[in-house]
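For reference, the structure is listed below as structure tokens.
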Amino acid sequence: MPEMTYLEAINTALREEMSRDPSVFVLGEDVGVFGGCFGVTQGLLDAFGPERVLDTPISETAIIGASVGAAAAGLRPVAEIMFMDFMGVCMDEIFNQAAKIRYMFGGKAAIPMTLRTPCGAGLGAAAQHSQSMEAWFAHIPGLKVVMPSTPADAKGLLTSAIRDDNPVIFIEHKMLYGVKGSVPDGEYAIPLGKGDVKREGSDVTVVATSLMVHKALAAAETLAEEGVEVEVVDPRCLVPLDQDTILKSVAKTGKLVVVHEAVKSGGIGGEIAAIVAEEGFDFLDAPIRRIGAPFAPIPFASNLEKAYIPSEETIIEAVRSLA
Amino acid sequence: MPTVGIIANPASGKDIRRLVAHATVFDNLEKVNIVRRVLLGLEAVGVTRLLFMPDYFGIIQRALEGLTGDYSLKMDVECLKMPLTGEQEDSLVAARLLAEEKVGCIVTLGGDGTNRVVAKGCRQVPLVPISTGTNNVFPSMVEGTIAGMAAGLVATGKVAPEVALTRNKKIDIYVNGSWEDMALVDVVVLKEQFVGSRAIWHERKIKQVVATCGEATNLGITSMIGALHPLPPADPRGMAVKVGTGRTKVLSALGPGLIKSVSIAEYRFLDPGERVVVETIPCVMAVDGEREVEVGSRDRVELVLNCDGPLVVNIKATMDAAARRGVFRCTQGHGSS
Amino acid sequence: MALSQEKLLELYRKMVTIRVFEENTAELFAKGEIPGFVHLYVGEEATAVGVIAHLKDHDYIASTHRGHGHLIARGGDVKQMYAELFGRKTGYCKGKGGSMHIADLSLGFLGANGIVGAGLPLIAGAAFACKYRGDDGVAVCFFGDGASNRGTFHEALNMASIWKLPAIFVCENNMYAISLSQELHQNIDDVADRAAAYGLPGISVDGNDLFAVYEAAEEAVKRARNGDGPTLIESKTYRWRGHFEGDPVVYRTEEELQAWKKKDPIERAKKRMMETGVLTEEEDKAIWEEVRSEIQEGIEFAKNSPLPEEESLLEDVYCE
């Protein structure tokens, strides 16, 4: 299996799907000549031409609205919103149009579109370029929400997202773009809604998403030295959510820590904790611990930003408190 | 008190000619600007009272609101008291009221259509028609400032009517023996079912044309007349044309950017008072460039050339005469008299 | 434009169908037989019919919350429409959508829409799909004067213009954005003026004149099919009913309404069709009778249709 970065894996999935299916096209701000703000769509314009790789005006509403219209008319748009923070600008098109059209029309329409967008803090980009808003979208029936943490998952999940007949919000983490890993060659599709146990362990379950998977794995290494075996579960998709994999793990360990970078309050961690409390209360030997960002906008200063983002140490402490 | 009336049509400048030809887009804010220049021109030559037609957009009110500080007007300004319908009818009512008020001059902003309606109501009050589009024959493309000054010179009596004014021709339309409408420039008989979007751009539908004038520099149906035999407004004659299969073909600029070859069956000059019978029935008649009159299958229509059209201010003659009389020479400080 | 007698009668019948459909809907709503919100198209019939007359099977339409007229003009089935208004299983959306979400993808009808101005970017996308496939399809978006103040209007017109999309943006300027009159909600008289800002032609037409709308749309559709890009048509019209059924309509005068009723698009078309011998008084009566019985059948069908099963509540949230 070739080694490649998370960014290259996404780029590869886009190329493969565009080659395979002529109805797939890419649109977004600076995705063409510029190759995308973070370089994710690099080379697509040369490979597929301006008819299939569209540089849009700075019009998030039109980008997503037009994607919904094109999808309703039978194409498979893959739209990029440059920063997840900009999704408020096109929210109606996402939650009132894309998400609901099928249901409102009695199942007579499909909106096979993918919306790719980078989330996450760590670049000193402050409050409007660093957020993780996945819980907004997981709250809306009709959308699927995907958050890959590794290059292989990024390729396999994006492939499935593009092929899916539903609108899929595909959330990339900008601090993961440079992370390397081995990625299966050729056609590789991971079904949406299947979680992945990233590390097996018997003592404490840590459910983590996106970048936090890596922090959880690093924490698990440290804790293993102390004799605490952590199982790291990556749901990969928030909608549909693989409850079985989470519950099975908690059944084994009896202890649960949920970690995400988004603000803790109202975050997806609360949902996961509630599911475990409802469906797996008997498995639990200790209270569930949630880790997320504090209830504040994301600060600019490096030390403040570092203090804001959930850290490996916080995860270690939470696990220790349960173990 | 030298008084001038002003009628600005907010509806001109955005019809289908923007789609079928390449006509100018004329938004209402530009009309507001033109009116400001007209008002400043009027005041500069001594007009002290202004009466204006209200409209939904408030062209004149907006113009007035923008004239502050150094540009503030001293003249009295009054809005005509009349109901608003948003239809052509408004311009007719306004013209009648202005004639009753015996204003010295009426400035119009609009196209041939607007002026036709004003001409129906203005009686002997002379007009200064300012074109707000590219597809007009009757109003001229003239700068608002100069048009305002010329209108003011006439209204204040600084230039005599015999120098400043020209009497225009018109075509009266009779349906089943009774007067129905009139045209300032041309009546075009179209083999067409409906008034529809009003403009004319399919040359094949033109069957007959009766025109008061026509020069090769015109844009519109009268360009056809100009191409056959130039007929200036000063010539007392008119012309009747039958379009169809004939040996004569003329290149005619029917609209902005819309140059077509039109086949002429016959044409003849008309003397004042001469009648032309409309031969295509049912039909739609375009009056001054816009489809306006729908003729039913049992109707009989006659067109008559007449010389009692509206008085129009010749802007160049007026300004030249004023200059020769020294009207523009400033005796003290800025401004005149 | 040369309209055959057959085509004229077809367009006329569609206007009549919209009128009768809507008048019956008003009555049924007043009696409490239709739940939710309904927004009626009475008085604006010429716009939908005049524009949609030019569309081919593979063209697209995005409609509004006031969408019944557009679907009828497109050849929608009044039985399924009423069934949807009544919330029945046999409705266009199996009772899941109601008046504001009726859609028929088989007719390229991308739905009524409960969000004012939402259709504009959708139709840019559908127009893009037509261009992408390289067929001669076009996409039409209907929206109101109120929607022309939304960002979607500006973003969609701009996008359609830069990409030369085969789109026709039809602004049904009925002079009110819910309760706010045009002079209070925008500082222009003609929405058509806004086209210039995006580099596309914008024209205003008399929206109560079927033939004026027909001609304008004919040229705009031709332009789109030829690959020359989008057009904005402003159709100046008036809704006879309130914004929604039950609206007390405190924001406009009875005189204004009566003045517009004198410009009834159906009466105007009828008058001219009679003058030119296309329609006789007897034929006109017959058309109204036929339409009324078609509408009655639709209502009966809806009333006799079953409610959706409760199990269907969770169906069609996602494609499988």
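Nothing in this text is a laboratory measurement; each read-out follows from the coordinates by a stated rule. Please read these numbers as outputs of a predicted model, since none were measured by experiment. So basically every Cβ, Gly included, is an ideal-geometry build from the backbone, and we count neighbours across all protein chains shown.
Show me B:74-83, A:61-70 ranked by packing, highest mean number of other Cβ atoms within 10 Å first. Intermediate values should be presented prior to the final figure.
On the way: B:74-83: 12.6, A:61-70: 30.5.
Result, highest mean Cβ count within 10 Å first: A:61-70, B:74-83.
For B:Y71, C:Y92, what ranking results if the residue with the fewest other Cβ atoms within 10 Å of its Cβ goes first?
On the way: B:Y71 11, C:Y92 28.
The fewest-first ordering by Cβ neighbours comes to B:Y71, C:Y92.
List the relative contact order of segment B:184-337 as a percent without decimals, with contacts defined as Cα pairs under 8 Å and 6+ residues apart. Write out the running numbers ahead of the final one.
Numbers: 331 pairs, mean separation 36.2, N = 154.
That works out to 23 percent.
Dipole magnitude of chain B about its Cα centre, charges +1 at Lys/Arg Cβ and -1 at Asp/Glu Cβ only, in debye to the nearest 20? Write down the numbers at each step before the final one.
Details: 38 positive and 37 negative charges, 129 e Å.
Computed charge dipole of chain B: roughly 620 debye.
Hey, what angle do you get for helix A:268-279 against the long axis of chain A, alpha-carbon based, 0 to 90 degrees rounded to 10?
60
When Cβ neighbours within 10 Å are restricted to other protein chains, what is their mean count per residue of peptide B:15-23? Spell out each step's value before the answer.
Values: counts 7, 11, 2, 11, 14, 8, 0, 1, 2.
Taking all residues of B:15-23 together, the mean is 6.
How many percent of DSSP beta bridges within chain B run antiparallel, rounded to 5? Don't skip to the end; give the middle numbers.
Details: 49 of 69 bridges.
Approximately 70 percent, going by the DSSP bridge assignments.
Considering every residue in C:205-216, what mean count of other chain Cβ atoms within 10 Å of its Cβ is obtained? Please list the in-between numbers first.
Numbers: counts 7, 7, 0, 0, 5, 2, 9, 8, 2, 3, 11, 7.
Mean number of neighbouring Cβ atoms from other chains: 5.
Taking the Cα atoms only, what angle lies between the long axis of helix B:144-155 and the longest principal axis of chain B, rounded to 10 degrees?
80
May I ask you to sort C:T25, B:T217 by Cβ crowding, counting other Cβ atoms within 10 Å and putting the fewest first? Before the final figure, lay out each step's value.
On the way: C:T25 26, B:T217 11.
Ascending Cβ contact count within 10 Å gives the list B:T217, C:T25.
Per-residue mean of other chain beta-carbon atoms within 10 angstrom of the beta-carbon, peptide B:177-190? Display every interim value, and only then the final one.
On the way: counts 0, 0, 0, 0, 0, 0, 0, 0, 0, 0, 0, 0, 0, 0.
That average works out to 0.
Given +1 on the Cβ of Lys and Arg, -1 on the Cβ of Asp and Glu, and no further charges, what dipole in debye does segment A:135-202 carry about its Cα centre, rounded to the nearest 20?
Details: 8 positive and 8 negative charges, 42 e Å.
Roughly 200 debye, rounded to the nearest 20.
Would you compute, from DSSP H runs of 4+ residues alone, the mean residue ellipticity of chain B at 222 nm, taking -39500 (n - 2.57) per run and dividing by the full residue count, rounded to the nearest 500? Before the final figure, lay out the partial values.
On the way: 9 runs with 83 residues, N = 337.
About -7000 deg cm²/dmol.
What is the distance in Å between the Cα centroid of segment C:247-281 and that of segment A:91-146?
Segment C:247-281 and segment A:91-146 have Cα centres spaced 46 Å from each other.
Tell me what chain C gives for mean residue ellipticity at 222 nm when only DSSP H runs of n ≥ 4 count, each as -39,500 (n - 2.57), the sum divided by the residue total, rounded to 500 deg cm²/dmol.
Values: 11 runs with 138 residues, N = 320.
It comes out at -13500 deg cm²/dmol, rounded to the nearest 500.
Can you give the relative contact order of chain C as a percent, counting alpha carbon pairs under 8 Å and 6+ residues apart?
Working: 633 pairs, mean separation 73.3, N = 320.
Answer for chain C is 23 percent.
Which shape class, rounded, prolate or oblate, goes with segment A:3-182 when its Cα gyration tensor gives a ≥ b ≥ c as root eigenvalues, a/c under 1.5 marks rounded, and past that a/b bigger than b/c marks prolate? Intermediate results must be reported in sequence, preceding the final value.
Working: a/c = 1.44, a/b = 1.20, b/c = 1.21.
Taking the square roots of the gyration eigenvalues as a ≥ b ≥ c, segment A:3-182 is rounded.
Using the Cα centre as the reference, give the magnitude of the dipole from point charges on the C-beta atoms of segment A:196-322 (Lys, Arg: +1; Asp, Glu: -1; all else neutral), rounded to the nearest 20 debye. Show your work: numbers first, answer last.
Details: 12 positive and 21 negative charges, 68 e Å.
Dipole magnitude for segment A:196-322 comes out near 320 debye.
Select from segment C:206-275 those chymotrypsin sites (Phe, Trp or Tyr not before Pro) which occupy a DSSP coil region and have at most 15 other Cβ atoms within 10 Å, ordered by residue number. Numbers along the way, then the final one.
Values: sites: C:F211, C:Y214, C:Y238, C:W240, C:F244, C:Y251, C:W260; in loops: C:Y238, C:W240, C:F244, C:Y251.
Sparse-neighbourhood loop chymotrypsin sites (Phe, Trp or Tyr not before Pro): C:Y251.
To test your reading of the geometry: what angle, between 0 and 90 degrees and rounded to tens, separates the Cα axis of helix A:211-225 from the longest principal axis of chain A?
30
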